[in-house]
Amino acid sequence: MHFSPTRLTIPLALAALGAVALTGCGTDSDEAAADGTLQVAAAFYPLEFVASRVGGDRVEVTTLTGPGTEPHDVELTVAQTALVGEADLVLYQDSMQPIVGDAVEQTADGATLEVEEVIDFIPFAEEHDHAEDEHAEDEHAEEEEEEEEEHDHDHGDEDPHFWLDPARMATVAEAVASELGDIDPDHAEEYDANAAALVEELDELDAAFTEGLADCERDVVVVSHDAFGYLGDRYGLDIHGIAGLSPDAEPGPADIAELQELIDAEGVTTVFSETLVSPATAETLAQDAGVGTDVLDPLEGLSDETADEDYLSIMRSNLASLQEANGCQ
């Protein structure tokens, strides 16, 4: 059985929490509690976005995955582990970040919302078999396979990237409103109203994708890693990832050859790289196949280039990129 090395940092962080508690210094959490502001810890950007929109001015949302950080790779600091223990509400997804799930289980005193409890996940259909028989006796290939297993972070058989479906994001928004209303019943109607406004915007986004991708020359999309399954499932796109669920996984030569054949056969015009990870593999595939490149943002987190944007604006940028690449009317 494989254990992610990041899990081992939790006991060390817990051992240091006492030192943090003994400092006697005032914290932002203390000040927020004094003025009635709820403290929300959100594991990564999509959950932060929902919590901020639903909570409004009555919550202070802190993300556990900073801007520019790939959420698969997050490691919690002592202060972040303490925040998980002290927050009024923790929003997290164990299949995406098991280290956060560990911290919740061991330290959380407030309310918690594991998003897998409120939405349905779709199975992950592995497009590429990285452990090919032809490499079975190749020591280097075996090392690559072990490395890939390490980076898969125990996703299991379900795709964790639910937030690329606006309808599932709407479900999370309503669940967050319910949790905040239970914690702060005096303002439950305000949280419900904020959630309803966000759901309306998400419905509009869903309609834009449905209409915008309804009449296209092609439906095949080649992306850097398999983060877009929910987008494909909802809007009828045939998504092919160069890597697997983890953006750090390395495709094998047979995978690359298969994608080159697919690009040629389907008339694919664009290979999409993404933010937060190197575009090198996507750019190499595009160059070898003689097609262009563009960016399709999986919205796992904000980058320097998208710091002034939000979930809704980035999703609309993704839609525009897909329409151009696939010749949509």
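The values are calculated or read from the model by the stated rules, or taken from the named source; none is laboratory data. On a predicted model such as this, the values are computed, not experimentally measured, just so you know. Note that we place each Cβ from the backbone using ideal geometry, even for glycine, and neighbour counts take in every protein chain shown. All accessible areas refer to the heavy atoms of the entire protein, side chains included, with ligands and DNA or RNA removed. Shrake-Rupley method; radii C 1.70, N 1.55, O 1.52, S 1.80 Å.
Charge dipole (Cα centre; +1 on Lys/Arg Cβ, -1 on Asp/Glu Cβ; no other charges) of segment 162-255 amounts to roughly 500 debye. Set against the 2.2 N^0.38 Å expectation for a compact globular protein, segment 209-329 has a Cα radius of gyration ratio of 1.00. A simple packing score, the average count of other Cβ atoms within 10 Å per residue, orders the peptides 94-103, 311-320, 202-211 as 94-103, 311-320, 202-211, with the highest score first.
Given a 1.4 Å probe and the protein chains as shown, Y230 ends up with an accessible area of around 0 Å². Just the protein heavy atoms count here, and of the accessible area of segment 254-318 at 1.4 Å, carbon and sulfur take up 43 percent. For segment 186-246, the residue among A193, F209, V222 whose Cα projects farthest onto the positive side of the dipole built from Cβ charges is V222. Amide H to amide H distances under 5 Å link G241 with V223, where only residues 5 or more positions off or on other chains count and H is placed in the peptide plane.
Surface analysis of segment 166-246 yields an accessible area of 38 Å² per residue, using protein heavy atoms and a 1.4 Å probe. Using θ = phi - 60° in the Karplus curve 6.51 cos²θ - 1.76 cosθ + 1.60, the 3J(HN,Hα) couplings for segment 304-316 round to 4, 6, 10, 4, 8, 10, 9, 3, 5, 5, 5, 4, 5 Hz; x is entered for Gly and Pro. Backbone geometry of segment 210-216 corresponds, through the Karplus equation with coefficients 6.51, -1.76 and 1.60 at θ = phi - 60°, to 3J(HN,Hα) couplings of 4, 6, x, 10, 7, 10, 10 Hz, x marking Gly and Pro.
For segment 165-275, the Cα-based Rg and Dmax, in that order, read 19.0, 60 Å.
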